[in-house]
Every structure is written in structure tokens, then in C-alpha cells.
Amino acid sequence: MDHMPVGARTYRAPTGIAVLVVCALLAVFLLGDAVVRGSWAQMLLYAPWVLLVLWLIYEISVVSMVHVDEDGARVQNFLRRTAFGWRRVADVDLRWQLDFVLDDDRKLSCWGGPGRIQAPRQARRSGDLKVPQSLQTLTEVRTRWENAIERPAGTAGEGADAPIRRSWDWPAIGALIVIVAWAAITFAVTR
């Protein structure tokens, strides 16, 4: 494990985009049906509720992710973002999801990263052992972490020494506020 994986990698739920596309098509169908069977005004009354569900599916299945490079990682879990350099990591493990233990004694579980490890299984024809993708991902992330720690401090700018930064996903929160306000207006109108 003395080689460094090249380039940045982003890990997210493998079915996230497919689920979003199916739900978006269903939302378009439902709103189109409201226009055809009712009116544009009726569709505008239904739209915030459909968009609220679509926003929730987007936030859960697409936005949650883990981005790693040679300097550190960025993790987004729903609306919360965390970025840190590799020297801020005390341990990396994979239980139900990828877990980082940071040097401030907090454990960061990555909702959008690789999932639970399955036992390696024997390939039917060749007799070779097939290693699960999640285990390969854990190995790659650990290799990046170990190689960054072995480099002398300060050789890559702030990179691996970057502090832990936590923030919110303000564009998503703004979209949620607009949708909730729209829903409140439709509730007041139909009351």
C-alpha cells in the first residue's frame, strides 16, 4: 500500500440519482395530471407538496456524499457539511457506513459514502476471491490518509493540515424555505 491513489474521488449512494430521476418523472406526471384534469391554479396548489417530497428525496439520496483527495476529505450529510485535512483524522473505519474519527474526539458517519461490508465471496468459475466494492473504497481512503500523514507537515500548503470546518448547505436551506412558504400560502388559500 505504498502507492497513492491518483485524483480526487467522490462517493455517494449508487442508486441516489436513479431514485431522484424516477421520483422527478413521477412528480412531473402528477403535476401534469393536475393541469389536465383540473387547472393551472390547482397544480400550483399541489406543487409545493410534491416539491417538498422531491426536495427531501434529493437531499437524502443525492446530496449526501464523501469527497476525498490527497489533502483531506469533505463530507456532506443531508444539510451539514464537514471538511478537514487528513492530519485531523484519528481513525477511518467502515461499519454500516464510512466513519471518520476526528482529532476533536467526534465521530463523523458518512451517510452518502460506501456502505456496509459484505463478506468476500469466491468467484464461481475462476476460484478467485471477489472483494466487495465497499472494502476496496475503505482501502483507498485509508491509503490516502496514511500517505498524507507520512508526508512531512507543511509540504502541501494547508492541505493535510487544514482545520475541521463545519457549515450548512445554505442553497438547500433557502430552497426549503421557499417551498415551505409556498406550502403555507397554499394552505392559507385552501383553508
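The values are calculated or read from the model by the stated rules, or taken from the named source; none is laboratory data. Keep in mind that what you see is a predicted model, and the values were worked out from it rather than measured. Every residue, glycine as well, gets a Cβ built from its backbone with ideal geometry; the counts of neighbours run over all protein chains shown. Each accessible area value is taken on the protein alone, full model and side chains, heavy atoms only, with ligands, DNA and RNA left out. Shrake-Rupley method; radii C 1.70, N 1.55, O 1.52, S 1.80 Å.
Figures for the structure shown
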read-out: Residue check, V66 in contact with a Leu (Cβ under 9 Å, 6 or more places away or on another chain) and not in a helix (DSSP H, G or I); value: yes
read-out: Candidates A34, A24, A47, filtered to the one that is crowded, with 18+ Cβ neighbours inside 10 Å, part of a helix (DSSP H, G or I) and in contact (Cβ under 8 Å) with a residue 24 or more places away in the chain; value: A47
read-out: Residue within region 62-70 that is buried (at least 17 other Cβ atoms within 10 Å of the Cβ), among the small types (G, A, S) and either more than 18 Å from E146 (Cα to Cα) or touching an Asp or Glu at 6+ places or on another chain (Cβ under 9 Å) (or both) present; value: yes
read-out: Qualifying residue in region 74-81 (condition: of a type in the set (A, V, I, L, M), open to solvent by less than 40 Å² (accessible area, probe 1.4 Å) and touching an Asp or Glu at 6+ places or on another chain (Cβ under 6 Å)); value: yes
read-out: Scope region 90-100; condition modelled with pLDDT of 90 or more and open to solvent by 10 Å² or more (accessible area, probe 1.4 Å); matching residues; value: A90, D91
read-out: Pairs, first without any contact (Cβ under 8 Å) to a residue 24 or more places away in the chain and within 16 Å of Y58 (Cβ to Cβ) in region 76-90, second open to solvent by less than 30 Å² (accessible area, probe 1.4 Å) and outside any helix (DSSP H, G or I), C-beta under 6 Å, six or more apart; value: none
